[in-house]
Amino acid sequence: MNTIEMRGITKRFGSLTALDHVDFTLQKGEIHALLGENGAGKTTIMNVLYGLLQPDEGEILVNGRPVRFRDSLDAIKENIGMVSQHFMLIPVLSVTENVVAGSEPRRGLFFDFAKAAQQVEKLARDNGFSLDVRARAGDLSVGELQRVEILKVLYKNAQVLIFDEPTAVLTPQEVDELFLTFRRLRDEGKSIVLITHKLGEVMQIADRVTVLRDGHLIGSVEKKDTSIRELVKMMVGREVSLGARHRSDLSGKVKCSIRDLSYTRGGLPVLSDINIDIREGEIYGIAGIEGNGQTELLEVLTGLLKPDSMTLTLDGRQVTGAAVDFIRSGIGHVPEDRLQRGLVRNMTVAENIILGYEDKEDFSRSGLLRQAAIQAAGTRLVDDYNIKTPDCNTPVSSLSGGNQQKVIIARVFSEEPDFVVCAQPTRGIDIAASEYIHEVMFRYRDQGKAILLVSADLDEIKTMSDRIGVLYKGRIVDEDLADNFDDDRLGCRMAGVDYVPESEGDDDGKI
Amino acid sequence: MMEFLNLLGLLLLSAIRTSTPLILAAAGGSVCARSGVMAMGMEGFMLVASFGAAWGAYTFQNAWLGLLVGILFGVFYSLLYAVLCVTFSMNQVICGIGMNMFALGFTTSMTQIVWGTRAYSDTVPTLDHIQLPLVGDISVMVPLAILLAVLLWGYLFKTPQGLHMRIVGENPLAARTIGINTKKFKYLGVLICGLLCSLAGSFLSIDHVNRFVMDMTAGRGYIAVSVNILGRFNPLGAIAGGLLFGVADSLQNVVTSSSIPGQLLSMVPYVVTLLVISFAVRYVSSPAGMGKSDD
């Protein structure tokens with residue numbers, strides 16, 4: 001008998017059908033990967049299972065018994081637990097309070113903190129987590145926070161544990177630890193659903209895989225009977241060339257040189273002594289756990305933030321001034337958060353395409369916008385960059401994430417800057433669009449331009465970069481050719497640990 | 001020396017009286033803020049209750065029935081705030097300020113209708129005072145304010161329910177994922193705030209003095225917002241913060257010497273408010289979910 005059986009689940013949001021008669025089964029003691037691109041409906045169907053969303057059609061059976069979840073409390077009662085992608089922890093409360101919240105031990109009318117702390121301590125010990133249960137959640141590292149989330153679910157005695165993209169924020173070592181925990185929980189007879197779009201993870205840990213695409217069930221397969229190639233095909237609906245790339249030979253001269261970049265905020269160093277040279281025809285990737293100075297680095301290099309010291313030269317010319325001077329000197333910027341910094345949601349595609357370049361001769365004259373020229377540029381770029389939109393007068397907010405990102409890419413790259421600061425270029429967008437954006441970047445690199453790539457997606461850094469610098473606490477702690485980095489070395493350096501290669505002599509002695 | 005001690009005693013007594021409505025309102029406001037709803041409407045809740053209490057006491061010629069009417073008015077008004085802000089996710093600042101302005105217009109017009117003048121009501125019966133050791137004759141609201149603040153502190157920080165309410169105020173989505181009904185706690189927070197503001201407002205018109213006066217609260221609801229911040233959204237902090245403002249407010253009643261102009265002394269509570277807002281606020285972190293709608 002299946003622990004969970006979902007039959008013909010349909011969920012509509014207005015005119016959009018997020019799930020169209022999707023079936024999903026989960027067996028006792030298995031790790032089941034739920035695979036699909038962003039927007040395929042993975043999280044939606046799990047939100048239905050966890051009672052956060054009510055399906056329009058379909059039924060759910062737990063251990064063969066039909067159930068109806070009005071809210072997550074009902075799901076918790078059926079021993080279902082979920083660890084969301086964004087941690088649902090309260091930073092100002094203690095680990096203990098976070099774990100027991102919702103089913104606290106009581107003494108009379110009061111919350112029995114001492115007993116709760118004891119229980120949580122035992123639970124943590126039983127699971128091999130070392131945690132200070134009295135610490136404030138806000139003081140913990142990301143890996144520890146995730147352990148708190150797991151304890152939270154286990155404390156409520158969950159037999160089914162749903163994890164939504166749990167590895168997105170972890171270092172490779174933390175991922176290994178998490179997978180160890182998964183295996184142990186599975187061996188205890190619990191069932192685990194792993195929502196992911198990373199194929200490597202699926203092949204590493206899953207027993208069974210269910211693939212969704214555009215709200216439709218594509219199929220469920222045993223891991224041992226499938227391959228990455230087949231899974232990609234199921235996920236995207238066609239063959240995709242994976243990891244086809246060639247490295248730059250790094251023979252060009254230095255295009256962009258960053259010297260002595262330091263920045264302190266409130267007396268604390270945020271960026272210290274950063275020196276990077278990026279050559280013509282090079283993509284330089286910044287690897288690092290989020291919050292180690294990436295955002296500040298991006299803002300400094302695009303003139304949005306004034307550092308304490310920096311000499312930035314582009315083709316030997318020094319770049320100074322405000323953001324607009326940086327743009328005019330030929331530095332393009334693909335911002336980290338496309339909706340916050342990259343686009344004005346309610347403006348049209350055409351208007352967004354000239355954003356930041358609106359005072360150029362092409363687009364305005366004597367203080368007036370040249371509507372015809374803007375329209376023409378919009379139409380041309382929509383065409384050139386494969387932006388899927390009815391026309392260039394559609395508000396950019398009605399485009400999909402991938403197409404919104406293409407608007408930014410079109411804007412930046414069509415201006416042919418010498419140096420592009422490219423942050424999270426494919427975050428949260430579908431495979432086809434990210435493939436396309438990567439192509440544009442490669443093509444641009446091969447024209448002899450320089451690109452600085454910052455991404456939270458380690459795979460993207462590894463595939464795209466010619467050289468990688470690891471940013472840790474605002475310093476470049478390691479820098480080498482991308483091919484000289486493996487997961488071990490990257491993970492160690494990202495976590496700020498010294499890296500000792502397992503076999504001696506296969507490293508060039510840089511560290 | 002004796003004179004100085006006398007003065008100090010007077011100052012303290014006066015401070016306790018003037019701080020009582022602030023403590024009540026701020027203690028209620030801290031519960032409201034902890035549930036994630038900005039306590040922007042306190043001025044209005046107090047004013048409406050203040051009028052209601054005077055009107056009730058006048059109509060029934062009984063101060064206790066007046067208090068009951070005051071509570072009914074104030075709690076109903078806070079319920080309206082909860083419906084707008086929680087159920088209909090209205091912007092809490094705009095809604096609060098709008099309701100405060102409506103309360104001023106409404107109570108002024110009603111005063112005109114009931115008593116024929118918009119400035120103030122006829123005299124009304126007041127609540128009986130009680131005798132306490134040390135302080136002597138004192139309003140029943142004074143110990144009640146302290147007691148309620150302590151009870152609410154216990155509720156917020158010592159009971160599972162209170163923990164739930166604080167989680168709702170920090171992160172409503174997190175609360176929902178562990179099966180907590182967020183709307184219930186937000187309503188509860190606003191209504192508790194409404195109840196305490198009603199007591200505060202009634203205190204002004206049927207205890208502190210014996211009539212309703214146009215704009216009787218005179219910004220106390222806003223001062224309570226800053227007391228609330230100063231007290232770190234903790235009902236016990238509200239007592240301390242309320243007393244500070246009470247002292248600031250009482251200076252003008254006690255220090256009557258001609259050396260300091262009275263206008264300067266009247267400014268003190270507002271200057272303290274300004275100082276709190278400019279300097280203390282940055283050291284106090286508000287509940288993270290405050291002012292946001294949950295969905």
* **strands (runs of 3 or more DSSP E) fully within the stretch A:390-479 counting 1 or more residues that are of a type in the set (Lys, Arg) and in contact (Cβ under 8 Å) with a residue 12 or more places away in the chain** => A:467-472
* Can you find a residue in the stretch A:126-140 that is among the polar types (S, T, N, Q) and either within 18 Å of A:LEU185 (Cα to Cα) or touching a residue at least 40 places away in the same chain (Cβ under 8 Å) (or both)? -> yes
* Give B:ILE167, B:ILE239 a once-over and let me know the one that is within 14 Å of another protein chain (Cβ to nearest Cβ), touching a helix residue (DSSP H, G or I) at 6+ places or on another chain (Cβ under 9 Å), assigned to a helix (DSSP H, G or I) and β-branched (Val, Ile, Thr). => B:ILE167
* To do: Just one of (1) surrounded by 24 or more Cβ atoms within 10 Å (Cβ to Cβ); (2) assigned to a helix (DSSP H, G or I) trips up B:ILE229, so point out which.
  => (1)
* Asked: How many residues does the stretch A:51-71 hold that are surrounded by fewer than 22 Cβ atoms within 10 Å (Cβ to Cβ) and either within 12 Å of another protein chain (Cβ to nearest Cβ) or of a type in the set (Lys, Arg) (or both)?
  -> 6
* Structure fact -> Of the residues in the stretch B:137-162 that are within 14 Å of another protein chain (Cβ to nearest Cβ), over 22 Å from B:THR87 (Cα atoms) and touching a Phe, Trp or Tyr at 6+ places or on another chain (Cβ under 7 Å), the one that is surrounded by the most Cβ atoms within 10 Å (Cβ to Cβ) is B:PRO160
* To do: Return yes when B:ASN210 is within 14 Å of chain A (Cβ to nearest Cβ) and either touching a residue at least 24 places away in the same chain (Cβ under 8 Å) or among the polar types (S, T, N, Q) (or both) and no when it is not.
  => no
* Within the stretch A:72-84, which residues are facing chain B (nearest Cβ under 9 Å) and touching a strand residue (DSSP E or B) at 6+ places or on another chain (Cβ under 7 Å)? -> A:MET82, A:SER84
* Could you please give the count of residues in the stretch B:170-184 that are of a type outside the set (S, T, N, Q), at the interface with another protein chain (Cβ under 7 Å from one of its Cβ atoms) and not in a loop (DSSP other than H, G, I, E, B)? => 4
* B:PHE185 vs. criteria of a type in the set (Phe, Trp, Tyr), modelled with pLDDT of 95 or more, buried (at least 22 other Cβ atoms within 10 Å of the Cβ) and more than 20 Å from B:LEU104 (Cα to Cα) -> yes
* Structure fact -> Scanning the stretch A:90-114 for residues that are farther than 20 Å from A:ASP132 by Cα and within 7 Å of chain B (Cβ to nearest Cβ), the one surrounded by the most Cβ atoms within 10 Å (Cβ to Cβ) turns out to be A:GLY102
* Asked: Is at least one residue of the stretch B:250-269 away from chain A (no Cβ under 14 Å), surrounded by 16 or more Cβ atoms within 10 Å (Cβ to Cβ), under 30 Å from B:VAL83 (Cα atoms) and in contact (Cβ under 8 Å) with a residue 24 or more places away in the chain?
  -> no
* To do: Could you tell me whether the stretch A:90-112 includes any residue that is out of contact with any Cys (no Cβ under 9 Å at 6 or more places or on another chain) and under 30 Å from A:SER400 (Cβ atoms)?
  => no
* For A:PHE87, indicate whether it is in a loop (DSSP other than H, G, I, E, B), within 18 Å of A:VAL148 (Cα to Cα) and more than 8 Å from chain B (Cβ to nearest Cβ). => yes
* Which fully enclosed strands (runs of 3 or more DSSP E) of the stretch A:253-338 have 1 or more residues being more than 27 Å from the chain's Cα centre (by Cα) and either buried (at least 17 other Cβ atoms within 10 Å of the Cβ) or acidic (Asp, Glu) (or both)? -> A:254-265, A:268-279, A:309-314
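The values are calculated or read from the model by the stated rules, or taken from the named source; none is laboratory data. Bear in mind that the values here come from a model prediction, so they are computed numbers and not experimental data. Every residue, glycine as well, gets a Cβ built from its backbone with ideal geometry; the counts of neighbours run over all protein chains shown.
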